[in-house]
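Below: the structure, in structure tokens.
FYI, it's all coordinate maths here, none of it is from the lab. Only a predicted model underlies this, so the values are computations on that prediction, with no experimental measurement involved. FYI the Cβ positions are ideal-geometry reconstructions off the backbone, even for glycines, and counts take in every protein chain you see.
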Amino acid sequence: MVKRFGDFEFDDRRRHLTAGAQRVRLTGQAVDLLCLLLERPGELITREEIERRLWPDSAVDLDHSLDVVLSRLRTVLGDKGASPRYIQTVPRKGYRFIEPVTARLETRPAKRHWSRRLITYTAVAVLAAIVAILFARTRYEKFVPPGRLPASPAAPPR
């Protein structure tokens, strides 16, 4: 599913963010945070919920880590300043994605994905066939000297 907000599009399946036609570089936890915010636009998502989603196996206080990831995401979105466009901070509670989000199913990339996979499998099969032929040829030449044909069976007398 592709979600559109402001000047951006986010592809859930590929986990890619684009602005216009340009891909925007966004790494691991910032992508995870954006996914979570886009799952429920307009809803308050608590800091605790974000920490559980981004750092599920950690028992330490991750306030600073969350602040860093949120700052990176805001920088990428151009959402720095006194009046945010995308991510609203609710003091001592959490965050809310405030820009309207529209979603649409993306079917075309799946077809491209299968054709790319088919081309890859075909190339591997052709290379395997070439290697098998070369291997068989070296084994054949080992047993039959070059320039000599194997003796043919004697023709029956007439």
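Among residues other than Gly78 with Cβ under 10 Å from its Cβ, the summed charge is +1 (Lys and Arg +1, Asp and Glu -1). Taken about its Cα centre, the stretch 1-131 carries a charge dipole of about 640 debye when Lys and Arg each add +1 at the Cβ and Asp and Glu each add -1 at the Cβ. Rounded to whole numbers, the Karplus 3J(HN,Hα) couplings from phi for the stretch 39-55 are 5, 9, x, x, 9, 6, 10, 6, 4, 5, 5, 5, 4, 5, 6, 7, 10 Hz, using 6.51 cos²θ - 1.76 cosθ + 1.60 with θ = phi - 60°, and x at Gly and Pro.
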